[in-house]
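Below is one structure, written out as structure tokens, with a few remarks after it.
The values are calculated or read from the model by the stated rules, or taken from the named source; none is laboratory data. On a predicted model such as this, the values are computed, not experimentally measured, just so you know. Note that we place each Cβ from the backbone using ideal geometry, even for glycine, and neighbour counts take in every protein chain shown.
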Amino acid sequence: MNKKVVPSQETQQEAMKIAKATQKPGQTKEQTKLIAQGIEKGIAQYKKQQKEKSRQADKARKKAQKAKRVEQTDVEAELPMDSHSQPSTPTRLPWVLLALSWIGFIAYVTQIQ
């Protein structure tokens, strides 16, 4: 299962640039090349770790979204039961206001006479 990952050309160039920048006097090209290979491995390992971290974060995000969706469907399933008991109050309100306005009108008319 140990796949040999070939680093990209860009990674190889970056590793060689870093190796040459830290090159000591008297260091051979072979030693510099070995240092560059070590840097490439480090970069590959870093990318692998970041990829795994990203994958874990994505899984956690999807799990949270799924839990939120399940919670919303549970709440929506409960709402129709509650909505049957609530309409009685709003339908009574207009009738109560109508009755009060008629009572007020009758009181006003009887007061004028």
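To keep it simple, each residue is scored yes or no on (1) of a type in the set (A, V, I, L, M, F, W, C); (2) surrounded by 10 or more Cβ atoms within 10 Å (Cβ to Cβ); (3) at pLDDT 85 or above.
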{"position": "Ile43", "(1), (2), (3)": "yes, yes, yes"}
{"position": "Lys47", "(1), (2), (3)": "no, yes, yes"}
{"position": "Lys62", "(1), (2), (3)": "no, yes, yes"}
{"position": "His84", "(1), (2), (3)": "no, no, no"}
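With respect to the conditions (1) closer than 30 Å to Ser8 by Cα; (2) at pLDDT below 90, Thr89 lacks only one, and its number is (1). Just one of the listed residues (Thr73, Thr32) is assigned to a helix (DSSP H, G or I), under 19 Å from Ser8 (Cα atoms) and among the hydroxyl-bearing types (Ser, Thr, Tyr), namely Thr32.
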